[in-house]
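Peer 1: Okay, here's the structure, questions in a sec.
The values are calculated or read from the model by the stated rules, or taken from the named source; none is laboratory data. All figures in this text were calculated on a predicted structure; none of them were measured in a lab. Note that we place each Cβ from the backbone using ideal geometry, even for glycine, and neighbour counts take in every protein chain shown.
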């Protein structure tokens, strides 16, 4: 004879939730009911999901014709077209740097020219400013900064450029790339262009020979001889003026007489 089946254990209930009317049998029944309810909930949830999917498919079939023509904007500001991945418009680049444009009136931006142009082409466009001088600083293939010796020269160049080959504008109206390039080292741009005076190697050659106690074997040109003569005369005249000034000061002090009471 088989042993009797053990009775089901009552569902444990903490003491605060126990009541005097609860019996072991009722607890067993309640546990069975909870199991039955938990078994029924997944089937109800599955049926609810199926209904929601069917409703969604019907809505898509109704609005399918108009969905191909409309664009939906997502939370990132992009655009979704015909169910494709969103095309997010790029944000603006770096902010405009803080620049005191009053100090850069001698700088112009050359822009709107072909990428094939070189520095020689831009210098040809600025013909006539070789005497005062200028130099070019490239920003990219289509932007270049021209630094002149003064603001007046920059204004004159701005009025002279025809705009057929290259256009020009003041630096305060320049592109963001040019402003960022200048902002990296503003001290290099604040000083206007200063043309270097013409030099020759004759002075350095003479100093080196004098330091080595050697004499130059190269014959001097008439221009060099004339220049040396003028330099000697100017030096002698300066020395003579200095001597005369010293004698005049000494004579003034010698002529003064101090009368004490």
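Peer 1: Among the residues of segment 99-110, count how many are more than 17 Å from residue 159 (Cβ to Cβ) and in contact (Cβ under 8 Å) with a residue 40 or more places away in the chain.
Peer 2: 4
Peer 1: Here's something else I'd like to know. Determine, yes or no, whether residue 202 is at pLDDT 80 or above and surrounded by 12 or more Cβ atoms within 10 Å (Cβ to Cβ).
Peer 2: For residue 202, the condition - at pLDDT 80 or above and surrounded by 12 or more Cβ atoms within 10 Å (Cβ to Cβ) - is not met.
Peer 1: Please find, among 153, 177, the residue that is more than 17 Å from residue 102 (Cα to Cα), surrounded by 13 or more Cβ atoms within 10 Å (Cβ to Cβ), out of contact with any helix residue (DSSP H, G or I) (no Cβ under 6 Å at 6 or more places or on another chain) and assigned by TED's automatic domain parsing to the domain that holds residue 134.
Peer 2: On the way: 153 fails: more than 17 Å from residue 102 (Cα to Cα).
Of 153, 177, the one residue that is more than 17 Å from residue 102 (Cα to Cα), surrounded by 13 or more Cβ atoms within 10 Å (Cβ to Cβ), out of contact with any helix residue (DSSP H, G or I) (no Cβ under 6 Å at 6 or more places or on another chain) and assigned by TED's automatic domain parsing to the domain that holds residue 134 is 177.
Peer 1: Just a yes or no: is a residue in segment 215-223 assigned to a helix (DSSP H, G or I), outside the structural domain of residue 140 (by TED's automatic domain parsing) and at pLDDT 75 or above?
Peer 2: There is at least one residue in segment 215-223 that is assigned to a helix (DSSP H, G or I), outside the structural domain of residue 140 (by TED's automatic domain parsing) and at pLDDT 75 or above.
Peer 1: While we're on this one: Out of the residues in segment 124-150 that are exposed (fewer than 13 other Cβ atoms within 10 Å of the Cβ) and over 26 Å from the mean Cα position of the chain (by Cα), state the one that is modelled with the highest pLDDT.
Peer 2: In this case the residue turns out to be 124.
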